[in-house]
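J.: Quick one: the structure is below, and I'll ask about it shortly.
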Amino acid sequence: MANLASEFLGIRSPNPFWLASAPPTDKEYNVVRAFRAGWGGVVWKTLGLDPHVVNVNGPRYGVVYGADRRVLGINNIELITDRPLEVNLREIKAVKRAWPDRAMVVSLMVPCDEDSWKTILPLVEDTGADGIELNFGCPHGMSERGMGAAVGQVPEYIEMVARWCKKHTRMPVIVKLTPNITDIRFPARAARAGGADAVSLINTVSSITSVNLDSFSPEPMIDGKGTHGGYCGPAVKPIALNMVAEIARDAETRGLPISGIGGVTTWRDAAEFMALGAGNVQVCTAAMTYGFGIIKELTAGLSLYLDDKGMALSDLVGRAVPNVTDWQYLNLNYVTKARIDQDSCIKCGRCYAACEDTSHQAIAMKPGRVFEVIDAECVACNLCVDVCPVEDCITMERLAPGTLDPRTGQVVGDGHADWTTHPNNPMSRAAE
Ligand SMILES: Cc1cc2nc3c(=O)[nH]c(=O)nc-3n(C[C@H](O)[C@H](O)[C@H](O)COP(=O)(O)O)c2cc1C
Ligand code: SF4
Ligand code: SF4
């Protein structure tokens, strides 16, 4: 079995799976159970200064289900920890002492003034914690009080607070970013400019998951009213992967360690985050949905994958980053056509409906419900593959260079040709 031992900012953990700051890491009881189950580390539920916040007493979660009632996304209106600071600090100290080989990072959110940070940092340092994570991400409740996403949406604040933290503690500083922003590179650059050792992302996405059509209130409903919350779980993974990749390949933040968060449910999700540049991953919704036991599948799956590939964990990190590019550099000589495997086709007609109604009328329905691709119409959009219920029944096949594409009437070119040199591009060198 591949060795999953991980080091992130010099913080060692037996595997790269940490529990994200959230209810699973809210207290000693949970964290000890998580460590017993095998989790590599935790980011403790966000601490604030006393007096501690209070949560609503009604439901905190909204949910989006898949057709099989599997949880696709959870929306929450929970705040940071609602337990006294002293209680949390005492428990953090006790857990770290009892589990020295696990990563113990403490998430923090205090008002945006230097004195508040100066006050809380030594208290955390005194617990023996391995590092801190600055929660600049919660989009609800705390942001209205000038914290959380209200800080994460202003790069200058990120830089300023990160700098204060670096000044007042020797612990590694991770800045947790909000996805509720147009371009994630700017807050990441600000974190680096402020001296942060790493970024973690994503925190939750501002959202309303549903509206109750009897009471006409957003869910979760508190006495007839609702408010936006933070969305997470498998549904947000694509947003998170893109943001991680953007930071990993940006010239100004390249090399900045990243802790990947957002919808990690299986070892594959984790491997994808790491391939896009994350040094480790954090998990919340999957643990809340399935319990701490999933760590066994996560570690076993990742380990087997690495064995299968003959790779070490460190070989995986960033492996896909060089293959993330901008649209204009994609090879226009890469020409494909859909191919239907008649033996596995169940004749449902979904591909036909999709292509005929919404794509390029490139699938013919022949007698006996035999579906065939018309190469002269197929633009290779891939929609038929996506909607076909039978895996690998439709595949995309590349036309070899030198063959005629019956759709364009042109011979497929050899080598690479992209938009930057295309004659139709007014900005291209060829057009000049
Ligand atoms: C109920 C709940 C409470 C959360 N509380 C916090 C918090 O206190 N601090 C924080 O940084 N993130 C908090 N988060 C966000 C998670 O740490 C994580 O960033 C987010 O859920 C995305 O990961 P996931 O898709 O694995 O759930 C919370 C998430 C949930 C669902
Ligand atoms: S790839 Fe697109 S255009 Fe081609 S057959 Fe499928 S849906 Fe139609
Ligand atoms: S969607 Fe797939 S299974 Fe259904 S008719 Fe098309 S190729 Fe056959």
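Rule-based calculations on the coordinates, nothing more; no lab input. What you see is a predicted model, and the numbers here were worked out from it, not measured in a lab. Here the Cβ is made from the backbone with ideal geometry for all residues, glycine too, and neighbour counts use every protein chain on show.
J.: Would you work out which of Gly40, Ala22, Pro51 lies farthest towards the positive end of the dipole of region 1-55, given +1 charges on the beta-carbon of Lys and Arg and -1 on that of Asp and Glu, about the Cα centre?
T.: It is Gly40.
J.: Separate question: Under a point spin-label approximation (7 Å from Cα along Cα-to-Cβ), what is the Thr395-Val211 distance to one decimal in nm?
T.: Between Thr395 and Val211, the label points sit 4.7 nm apart.
J.: Further question on the same structure: Cut-off under 16 Å on the C-alpha distance; same-chain residues fewer than 8 positions from Lys93 excluded. Which aspartates and glutamates are left, in chain and number order?
T.: Within the straight-line cut-off, Lys93 pairs with Asp26, Glu28, Asp101, Glu125, Asp126, Asp130.
J.: Would you mind classifying region 327-421 by shape? Square roots of the alpha carbon gyration tensor eigenvalues, ordered a ≥ b ≥ c; an a/c under 1.5 is rounded, otherwise it is prolate if a/b is larger than b/c and oblate if not.
T.: Prolate.
J.: Give me the percent relative contact order of region 27-99, please, defined on Cα pairs under 8 angstrom at least 6 residues apart.
T.: So the answer I get is 38 percent.
J.: Run a plain Debye calculation on the chain (Cα atoms as equal point scatterers, no solvent) and give log10 I(q)/I(0) at q = 0.08, 0.09, 0.12, 0.13 Å⁻¹, rounded to two decimals, same order as the q list.
T.: Treating every Cα as an identical point scatterer, log10 I(q)/I(0) equals -0.54, -0.67, -1.04, -1.15.
J.: How many lysine pairs in region 196-355, separated by 8 or more positions in sequence or lying on different chains, have Cα atoms less than 27 Å apart?
T.: Close lysine pairs found across region 196-355: 4.
J.: Which three lengths, in whole Å and largest first, does region 1-88 cover when its Cα atoms are put on their principal axes?
T.: Principal extents (largest minus smallest coordinate, Cα): 45, 44, 22 Å.
J.: So for each of 78-85, 305-312 I average, over its residues, the number of other beta carbons within 10 Å; can you give me the resulting order with the highest mean first?
T.: Ranked by mean Cβ neighbours within 10 Å, highest first: 78-85, 305-312.
J.: Please work out whether region 19-171 counts as rounded, prolate or oblate from its C-alpha gyration tensor, where a ≥ b ≥ c are the square roots of the eigenvalues and a/c under 1.5 means rounded, while otherwise a/b larger than b/c means prolate and anything else oblate?
T.: oblate
J.: Still on this structure, please answer the following. Can you tell me which of 340-346, 141-147 comes out highest on packing, and rank the rest after it, using the mean Cβ neighbours within 10 Å?
T.: Listed from highest to lowest mean packing, they are 141-147, 340-346.
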